[in-house]
Structures are given as structure tokens and as C-alpha cells.
2 protein chains.
Amino acid sequence: MKKIFFTPGPSQLFHTVSDHLKEGIKNDIFSISHRSIEFKKIYESCDYKLRSFLDIPENYNISFLSSANEIWERIIQNLVINSSSHLVNGAFSKKFYDFAIINKINAKEYYYDKVEYNINDIEEDELVAITLNETSRGIMCDSNKISSIRKKLNDSLIALDCVSGIPSIPFKVSDVDTFYFSVQKCFGLPSGLGVWIYNDRCIEKNKSISPKKITGTYHSLENLHKKSKIFQTPETPNVLAIFLLSRVLDDMMKIGRERIIRETNYKSALLYNTIKNHNLLSEYIKDQEIQSKTVIVSNTKKESEYFIENLKNKNLIIGKGYGSAQNQIRIANFPAHSKESIELLCDELTKL
Amino acid sequence: MKKIFFTPGPSQLFHTVSDHLKEGIKNDIFSISHRSIEFKKIYESCDYKLRSFLDIPENYNISFLSSANEIWERIIQNLVINSSSHLVNGAFSKKFYDFAIINKINAKEYYYDKVEYNINDIEEDELVAITLNETSRGIMCDSNKISSIRKKLNDSLIALDCVSGIPSIPFKVSDVDTFYFSVQKCFGLPSGLGVWIYNDRCIEKNKSISPKKITGTYHSLENLHKKSKIFQTPETPNVLAIFLLSRVLDDMMKIGRERIIRETNYKSALLYNTIKNHNLLSEYIKDQEIQSKTVIVSNTKKESEYFIENLKNKNLIIGKGYGSAQNQIRIANFPAHSKESIELLCDELTKL
């Protein structure tokens, strides 16, 4: 049996990726100029499909960067001049906060330790950063919670980290001003592409602060946006990844987003049930409201290597706890993971 | 016949790329964690081969970024606090200068309009930026000239843009403090990876200025360097591109760098001869000392579309002049372009 990767990203490739790569090679996609009409068509069609698949309104714009790390940096450079607020519930939301501090922003950290965001804490700020799915600890934010944050904060730009959430965890795009993801999680693609979506309020904010600070060079929001309007990027981009994203969007649109979300819920229920019924496992996040449906984290009574190695012997590759976390395993539940593969994993987990 | 791309990058893929991609898919390279031992081995082996193939001394370090554009930005952020000097002979060296200006650096521009650098002009500065091969206009810098610049400038950090030069145009690595390239030119790979090499003087300089300015976040030189020491990157990188680079380095090492340089010279002589003997073509750069051997630029007496379209009908894809340059064509001469393919192109050009 071929290995199946349940690692939280890079992860299992979407099953069509191999064929799309072959098609790309056959049709010289990786040799065409990034200034050619052929490339512009790929960009335009990827942009169009993202809008359609993710229900992105017209007043939002899409740019391609190299990683979510880069997008954190560009958001701080381009959308914040004095202060930002960060709702931190794990290592990645913390890192975004750290990036703001490094950039001499007066950044405030609201820390939520395995509990829901508390809307009463949060106040208006230039930018408020929240996370749809915190990959490091498997914490999700419900769509209604995001709506209620939007309701409370009229003036703030709201930034939503969707790295391991899109398209499997639903939210209303119009509730946030900017959101972003990288393609090696739920889209099942090779790593090396970050997608940044920002609305016209972001453009306006950027225009007002650009004269007052350094907003970057080739990837200033102004430059990115100007080029995206003509379906180009300022630099030679990762053409291969943009092409693959466009093709996998075709495949996912055929399946339908509703079905992807439904199957994500079903598969996550299987995984959490398996964990709950296992003597050696227990849910790391107890509060079901915020239990991630895409990155399932479990405490382990035996050391995590016991599970990782035994499953590896069955060609099932799961992740270890984030960073130095011991006695913890992480299991990705992305669209590339079929119901059958999750059932198989649950069966094998139960045997351990 | 399949198309052959002589565009100046993205360009013809090295002939082994398709097989390496298949191998990557088969061996799950694009699913493995960027924190895994498997990935570290790929990084380490790529680092090792780059050192061996390009004769990089031990006191130089290698980091992977996303593009040469990014490396320009990181050099300015990390190695310059007040002033830099830029020897500008085309659109790309000009862009690097522009990046310095945007970053509020007191940058000086020395402009060379289709003539050699004049060493008498240049003075010591924090950083002096030169270009091995200016892709926009097809201007090369000879290895001896670089040595003489090094001889004159003891204190300056010298940065060499090798984007479309490495490994086809030779230079002595120890003559410069930092150099960089992207992989979609002479390495014949899909775009989306920039390689930054910097010596210990750069590290020292960076240490001394880091407390005084913002040097970036995830891709500060300090962060990049720290991670490169353990064969990792701060963010999830373009694993696919690092893997392909490592594999194509194997292939190129089998051919040998000397032979690649020799064949580059031979093929460029064929191309320049064809241009010189053609009634409708003439060399854009007359001075043979600086005529690029990897990006050949020709003036056209008829409009450039005549050549581009007629060759396209023969499945030979050449580039147009850079930016808005009219009546100009550009032809890449990279290792992926076999002698036979260049001979074919010359034959077809002669018929027009």
C-alpha cells in the first residue's frame, strides 16, 4: 500500500495533483513567460474560480505570495501603522503577533488558552487578527463567533488566518476585511504558495499609510494589487503552484464546497469518537465548540512515538505534537483524505 | 515537434525535470513535513551539491527564498543601514537600486549604457551591487572585472546578481561577499525559488546593524541563517523546487561545470554569428567584452513579431525585447538548450 499522509501540512496531495503536473509538463506551463497571455489566463481563471468556490464578493482582491509567513509580514507592513490586536490561541497566531512587535507596532495580545474568544475583551483597533483554525493546537473558530466580532468592531480591519481552514471550515467572507491561506493544507498541493485576499477597505487603509512608512518593495500591497488587476505578479511567481491550484479548484468545484464541509464534519466526528473511546488517547481540546475539524489533536498516555511508529508501519503517517509538545499527536482531516482513509486510520488507531 | 523555449526565463526545462517530478510524486516528497529528517536530508544534500558544483568556500552560507526580487529586498534590509552603490546597466540592476531608495537608503546609481563598468568611478560603500548578467539587455560582466572591483574595494560588501548567469558564466566566488540566483534561468527549473549565498562578513555586518533597524521577520538574515544551519527554512518552503534543484545539480555535476561553460560559449558564438550575418538583425550590445553569453539580444530591422511568430510556427519560442523595447528579440542560451537546438534555431533564423 502507498503511504497516506495525515500530517497537518505539507500533507496528502489531492488525488488529481499527479495528473495535473503531467499535463503542466506536457503543455509547457512551467516554461511560459510570467508576462505572457497564457500565464495571465491561468492567473485570471484561478482568480475567477477562487471567487466562485469561496464566495468572495467583488470588492475583494486576490494576490499570490509565497507563504502565510510572508502574508503576516505584508499585512503588518501594509495595513498597520501604530497598533494591532491579536487573539492568540496557539503558536501561529502568536507568531503573527511577534511579527507585529518586530515591526515596532504597538501590538496587544489577547491570550485564549484552549477556550473560546471572549468578545467582551476585544476593542476596536487598526487591525484585529483572528484565526479560523489554529494549526498548532487544533482550535477552530465558529462562523457565528466571527460574525459577532464583526458586529462589535465596525472600524477595525479584521484579518482572518485561514491557513488550515479553507475551504473545509465555513465562514462569511464579508465578516472579515482580509484573509489568507497556504495551499499545502486543505488544498492538498505542494507547498510554496500563499494566497492573500483583501477588500477595498484594506486598499484605502494602505493608501493612507503608504506615505508614512516603508510598506515593502516588490510585494507592497500597492504593487501586488496593481499587478493583480492585470492578472500578473510583481516578480516571477511560483507558476506551477498557481496552475495546480487552478486545476484542483476545478476538481473541488465538481465535488462542491457543501459536500466538502459535510464530509469534513463526518470524518472529524469519526476521529474524535475514536479518540474518546481509546484508553490511551484523549482530546487535547475538550470544548466541542472550538475543536478543530481539520487538525485533530490528541493527548497520548503512552509516548506519541508509539502511535506514530506503529501507524507508520501500516503506511499511515500522522503528525507529532507541535514544536516540543510531548505525548501529543496531530491528525489532518483535509479534502484529500477520503472517508475510507479516515475509517482505516480510525480502525488502526483503535487496535493500538 | 514539441516546442523549445528560448525565452529568457521561465525557459526550457532541463530535460530531466519531468522524471524528477515523477520520482518526487512516487516517493511522497511533496507530502513530507518540512520539519522532518527526510526534508533536512534533501536540504543538506542540495546545500552540499551547490557548494561542490559552484566552488563555494566554507565561510559562505546558503539560504532558500522565493525569488531574486525577495533577495534584493532582504539584502537591503539586512546588510545596509545608510548607503549602497549600484552599478546599473539594465532594468534589473535598476530595480535593485529602486528597492534601496524605497527603503530610505542613500543609494548611489552608477549608470553604464551598454559599456563596461569603469572601476575608476566606484568608491567604497556599505554595499556595492554588481551584475554578472543583466537579463534585460544581455550584458555580462567578465570574471577579471569582478576581481578588479574586489581588489579596489576592500571594505565594501560586494553583492553579485547571478540570476541568469550561474552556472554558465564563470566568476570567482571569493571575489564577492554575497550572490544570488533564481532557478528558472540557467538551472531550467519551474520558477518559485531564489537561492541566496552570503559569507561570514555578511553575517557580521547583519549582527552589527540588526539592533538599529527592522531587518524583516521570518526572513531576516539572522532567522534564515539560524535555520539554514540545521538545514531548514523559517517558513514552509517550496519543497518541490528545492528537491528539483538538488536533482538537477546531480545531472549537471555529471556533465561538469567546465563543459557547461564551454558549450555555453560555443552556442553563444553560433547565435552571435547568425545575428551578425543576418541582413535584418544586428547585435544590441556591440562590445564583445560585455556581450552576454546566456541572454543574446538582437535588434531587428523588421518588427520583432516577424521573427517571434515565424519561429513560433516552427515550435521555436524566443523572447521579445524587455519591457516596452520594440524591434528587439532576446534568445536564452541556457544549459537546457542543446547544441542541436541552438543550431536548429540559427538555421531557422537565417531563413527569415
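Structure data summary
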{"item": "Residues (open to solvent by 20 Å² or more (accessible area, probe 1.4 Å) and facing chain B (nearest Cβ under 9 Å)) located in region A:5-25", "result": "A:Gln12, A:Leu13, A:Ser18, A:Lys22, A:Ile25"}
{"item": "Any chance A:Glu134 is touching a residue at least 12 places away in the same chain (Cβ under 8 Å), surrounded by fewer than 24 Cβ atoms within 10 Å (Cβ to Cβ) and either of a type in the set (Ser, Thr, Tyr) or in contact with a helix residue (DSSP H, G or I) (Cβ under 8 Å, 6 or more places away or on another chain) (or both)", "result": "no"}
{"item": "Condition check for B:Arg262: among the basic types (Lys, Arg), in the same structural domain as B:Asn144 (by TED's automatic domain parsing) and at negative phi", "result": "no"}
{"item": "Answer from B:Phe179, B:Phe231, B:Phe243, B:Phe187 - the residue that is in contact (Cβ under 8 Å) with a residue 12 or more places away in the chain, more than 19 Å from the chain's Cα centre (by Cα) and closer than 22 Å to B:Ser52 by Cβ", "result": "B:Phe231"}
{"item": "Qualifying residue in region B:33-45 (condition: more than 22 Å from the chain's Cα centre (by Cα), of a type in the set (A, V, I, L, M, F, W, C) and at the interface with chain A (Cβ under 10 Å from one of its Cβ atoms))", "result": "yes"}
{"item": "Residue in region B:178-185 that is among the charged types (D, E, K, R) and surrounded by fewer than 24 Cβ atoms within 10 Å (Cβ to Cβ) present", "result": "no"}
{"item": "Pair list, Cβ under 6 Å, 6 or more apart: region B:97-108 residue more than 7 Å from chain A (Cβ to nearest Cβ), other residue part of a loop (DSSP other than H, G, I, E, B) and at pLDDT 95 or above", "result": "B:Ile105/B:Val80; B:Asn106/B:Asn82"}
{"item": "Residue in region A:264-315 that is farthest from A:Leu132 (Cα to Cα), counting only those that are open to solvent by 10 Å² or more (accessible area, probe 1.4 Å) and basic (Lys, Arg)", "result": "A:Lys314"}
{"item": "Residue within region A:242-256 that is outside any helix (DSSP H, G or I) and either within 12 Å of chain B (Cβ to nearest Cβ) or among the charged types (D, E, K, R) (or both) present", "result": "no"}
{"item": "Qualifying residue in region A:277-299 (condition: over 20 Å from the mean Cα position of the chain (by Cα), modelled with pLDDT of 95 or more and among the β-branched types (Val, Ile, Thr))", "result": "no"}
{"item": "B:Thr217 vs. criteria crowded, with 21+ Cβ neighbours inside 10 Å, over 21 Å from A:Asn238 (Cα atoms) and touching a residue at least 24 places away in the same chain (Cβ under 8 Å)", "result": "no"}
{"item": "Residues (within 14 Å of chain B (Cβ to nearest Cβ) and of a type in the set (Val, Ile, Thr)) located in region A:54-77", "result": "A:Ile71, A:Ile75, A:Ile76"}
{"item": "Subset of region A:78-96 that is surrounded by fewer than 24 Cβ atoms within 10 Å (Cβ to Cβ) and within 12 Å of chain B (Cβ to nearest Cβ) - its residue that is farthest from B:Lys213 (Cα to Cα)", "result": "A:Phe92"}
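Okay, residues lined up against (1) away from every other protein chain (no Cβ under 14 Å); (2) small (Gly, Ala, Ser):
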{"site": "A:Ile166", "(1), (2)": "yes, no"}
{"site": "A:Val173", "(1), (2)": "yes, no"}
{"site": "A:Phe179", "(1), (2)": "yes, no"}
{"site": "A:Ser182", "(1), (2)": "no, yes"}
{"site": "A:Pro190", "(1), (2)": "no, no"}
{"site": "A:Ser208", "(1), (2)": "yes, yes"}
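The values are calculated or read from the model by the stated rules, or taken from the named source; none is laboratory data. What you are looking at is a predicted structure, and each value in this text was computed from that prediction instead of being measured. FYI the Cβ positions are ideal-geometry reconstructions off the backbone, even for glycines, and counts take in every protein chain you see. Side chains included, ligands, DNA and RNA excluded: accessible areas come from the protein's heavy atoms. Shrake-Rupley method; radii C 1.70, N 1.55, O 1.52, S 1.80 Å.
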